[in-house]
């Protein structure tokens with residue numbers, strides 16, 4: 001069957017996914033039996049368009065790049081808002097990638113609920129809803145017999161959730177630790193080369209790694225959100241923001257860095273959670289001096305990495321990119337292929 | 001449905017898998033809907049037993065540990081050889097783990113063909129058949145609508161094949177490089193600490209990492225087989241033993257190690273294959289001086305690691321154990337769960 005897709009929000013990640021889908025259309029059909037048609041887009045800035053027969057996405061990409069509104073698309077129905085697009089189109093899958101407040105999870109949260117209520121699958125890169133109520137959302141998806149994929153919320157396209165859920169199926173994951181924020185890892189890498197914190201931060205901002213207000217990265221809040229998500233999804237334990245001790249990298253000095261070097265160690269901002277013998281969770285984000293023999297110690301620049309502690313295999317580490325437009329777009333494809341396998345299985 | 005399993009060969013890996021299956025029975029049923037019954041075992045040394053209603057595996061494990069023959073099992077049919085067990089029992093899945101010649105692939109190869117001919121799935125940790133004719137075997141399995149799983153042949157329980165096939169689905173893998181032999185990595189780690197090659201090898205033998213005749217490891221042949229397998233399976237390109245340039249670690253001297261140290265580098269035995277622009281394959285096994293910034297450089301002791309080069313994500317690395325009885329037994333569980341997902345999908 002052909003999966004009919006609708007984009008709610010259409011920024012760089014959505015455009016990245018579109019490019020991947022168009023370039024790989026033939027390969028995806030042949031290798032995975034994945035057929036798709038993009039029927040609707042609704043974006044608060046760019047406008048909206050719906051054609052139940054499918055949109056000409058090459059034309060749409062060109063229009064968006066030229067800064068044109070979707071209303072200028074020659075066919076289809078215009079003017080549907082996000083909720084109408086979710087409820088009133090023939091889309092099977094809602095690709096929820098609106099600009100969303102990470103604390104409240106809105107408007108993504110409302111969109112996801114509306115999609116589930118309409119019996120539609122959701123794939124999304126929005127962290128907010130996952131941090132806020134992932135268990136409730138997964139329960140609801142199951143009850144409604146739909147799929148909720150959010151591979152991109154932790155390490156963008158590096159498929160850590162898929163790895164934990166399927167590839168490591170059968171081994172019990174008892175904890176994890178990782179480098180979950182590329183900006184801070186980039187800054188620490190530069191500091192180890194001798195750069196001062198302020199200069200390294202400035203460089204990260206120039207390269208687009210860090211925001212103008214870098215608080216979310218350097219104070220560890222971005223990593224904290226990922227610890228909360230992984231604890232809920234991979235360890236299967238309930239955990240909220242407030243349960244995680246969080247220290248960022250702003251207090252690390254040149255002296256700290258040099259001292260670690262002398263000890264054959266390296267500072268990394270590590271997010272981690274472990275199930276304690278009494279069943280409670282020890283979760284934190286903090287700078288850790290890792291011995292160079294730790295696989296995470298060799299992960300430099302803006303690269304991310306995650307080590308799962310398992311009962312059968314001991315530590316298993318995956319290293320890959322943790323950000324990027326195309327990489328995050330790709331995470332949606334991981335979710336779509338997973339959904340496609342499910343749907344094919346049910347046919 | 002309950003999958004009925006038969007063991008062909010029942011050494012430490014089979015016993016390891018049995019322990020995992022017994023310990024995790026409830027979890028596997030609940031989390032993955034995986035139900036199983038072990039109906040037959042045929043081992044050239046230990047004898048054979050078949051009960052279509054399922055064997056009492058706790059009793060079998062005890063008997064094997066006490067050195068008893070399977071013929072002493074109180075029920076069931078005795079004396080069936082491996083081919084009879086494959087063809088004449090009610091098993092759905094053949095767990096092929098006989099002691100097999102890696103060059104000829106026998107007797108595993110004959111067993112696998114017999115299983116496919118009988119319409120039965122196969123999971124196996126035997127490298128020989130995969131190196132020898134993996135494409136033909138996969139084609140035959142497809143034609144017969146059965147599954148052929150061999151996750152354990154590359155990095156034992158570290159699920160690199162599953163990662164490439166499912167977790168990285170959608171990204172094109174254009175090459176790989178990795179530390180695929182734990183023994184040589186252990187020796188290089190000790191040499192970097194100052195130990196001479198001969199002493200490090202002796203220590204590896206004491207610890208059970210290296211065989212009495214260490215040629216297969218130290219001359220790179222074990223890694224070579226894995227390069228051949230991954231090239232065929234992950235890159236989808238035909239490649240034989242003879243197409244891989246192979247150099248082991250026996251000529252690396254203390255001076256080489258020290259020189260690399262001074263350069264901020266580290267010697268690793270790297271197996272790799274890349275698709276060249278003209279479509280041909282550049283495959284080799286050789287010692288490489290890696291910069292410490294390479295994620296593979298931080299992988300020490302007997303640990304293995306593999307970096308896939310992908311079009312969407314750039315390099316993605318997985319680090320985990322590459323050997324061990326229980327870890328290799330676990331690789332069969334990875335295959336069984338994958339098979340179970342397929343079978344559930346078809347129901």
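Between copies, residue B:44 shows label-point distances of 7.0 nm, shortest first, with the point placed 7 angstrom from Cα along Cα to C-beta. Return one number: the angle in degrees, 0 to 90 and rounded to the nearest 10, between the long axis of the Cα atoms of helix A:108-117 and the longest principal axis of the Cα atoms of chain A. Between the helix axis and the principal axis of chain A, the angle is about 50 degrees.
Specify the inter-centroid distance of the range B:29-73 and the range A:44-92, based on alpha-carbon positions, in whole Å. Between the Cα centre of the range B:29-73 and that of the range A:44-92, the gap is 60 Å. Taking every alpha-carbon pair under 8 Å whose residues sit at least 6 apart, chain A reaches a relative contact order of 18 percent. Using a 7 Å projection from Cα along Cα-to-Cβ, the label point at residue A:69 is separated from the same position in the remaining copies by 8.7 nm, smallest value first. Antiparallel beta bridges, as assigned by DSSP with both residues in chain A, represent about 65 percent of the total such bridges. Legend: mean number of C-beta atoms from other chains within 10 angstrom of residue C-beta atoms, peptide B:30-41, equals 1. When Rg and Dmax are taken over the Cα atoms of the range B:165-320, they come to 15.6, 46 Å.
Scattering from the protein assembly as shown was approximated by placing one identical point on each alpha carbon and applying the Debye formula without solvent; log10 I(q)/I(0) at 0.11 1/Å stands at -1.22. The range B:141-161 and the range A:276-313 have Cα centres lying 29 Å from one another. With its label point defined 7 Å out from Cα along the Cα-to-Cβ axis, residue A:11 lies at 5.5 nm from the matching points of the other copies, in increasing order. Computed on the range A:1-84, with alpha-carbon pairs under 8 angstrom and 6+ residues apart, the relative contact order is 30 percent. Taking every alpha-carbon pair in chain B and binning the separations at 20 Å intervals from zero gives 30, 55, 15, 0 percent. Taken residue by residue and averaged, Cβ atoms of other chains lying within 10 Å of the Cβ of A:306-319 number 6. As a proxy for reagent exposure, ranking B:145, B:113, B:121, A:147 by other Cβ atoms within 10 Å from fewest up yields B:145, B:113, A:147, B:121. Round to the nearest 10 and give me the degree value, 0 to 90, for the angle of helix A:221-233's Cα axis relative to the longest principal axis of chain A. That works out to roughly 70 degrees. The overall shape of the range A:96-140, judged from the alpha-carbon gyration tensor, is oblate: a/c is not under 1.5, and a/b is no greater than b/c.
If you take the Cα centroid of the range B:197-240 and the Cα centroid of the range A:168-215, the two points sit 36 Å apart.
Highest GNM mean-square fluctuation among B:151, B:142, B:66, for chain B modelled with Cα contacts below 10 Å: B:66.
Ellipticity at 222 nm from helices only: DSSP H runs of n ≥ 4 in chain B, each -39500 (n - 2.57), divided by the residue count, give -12000 deg cm²/dmol.
Take every DSSP beta bridge whose two residues both sit in the range B:1-157; close to 25 percent of them are antiparallel. Counting only other chain Cβ atoms within 10 Å of each residue's Cβ, the peptide B:293-299 averages 6. Output the 0 to 90 degree angle, nearest 10, between the alpha-carbon long axis of helix B:197-206 and the longest principal axis computed from the alpha carbons of chain B. Orientation of helix B:197-206: about 20 degrees from the principal axis. Highest mobility in the GNM of chain A, judged by mean-square fluctuation with C-alpha springs under 10 Å and restricted to A:185, A:90, A:58, is found for A:58.
Could you check what % of the DSSP bridge pairs in the protein assembly as shown are antiparallel, to the nearest 5?
Counting only bridges with both partners in the protein assembly as shown, antiparallel ones make up about 65 percent.
By count of other Cβ within 10 Å, fewest leading, how are A:327, A:211 ordered?
So the residues, fewest neighbours to most, are A:211, A:327.
Take the Kirkwood radius over Cα pairs of the range A:237-324, plug it into Stokes-Einstein at 10 °C and 1.306 mPa s, and you get 108 µm²/s for translational diffusion. For B:280, A:293, the sequence from fewest to most other C-beta atoms within 10 Å is B:280, A:293.
We did not get these values from a lab; they are worked out from the coordinates using the rules stated. Everything numeric here is computed off the predicted structure, so don't read it as measured data. Note that we place each Cβ from the backbone using ideal geometry, even for glycine, and neighbour counts take in every protein chain shown.
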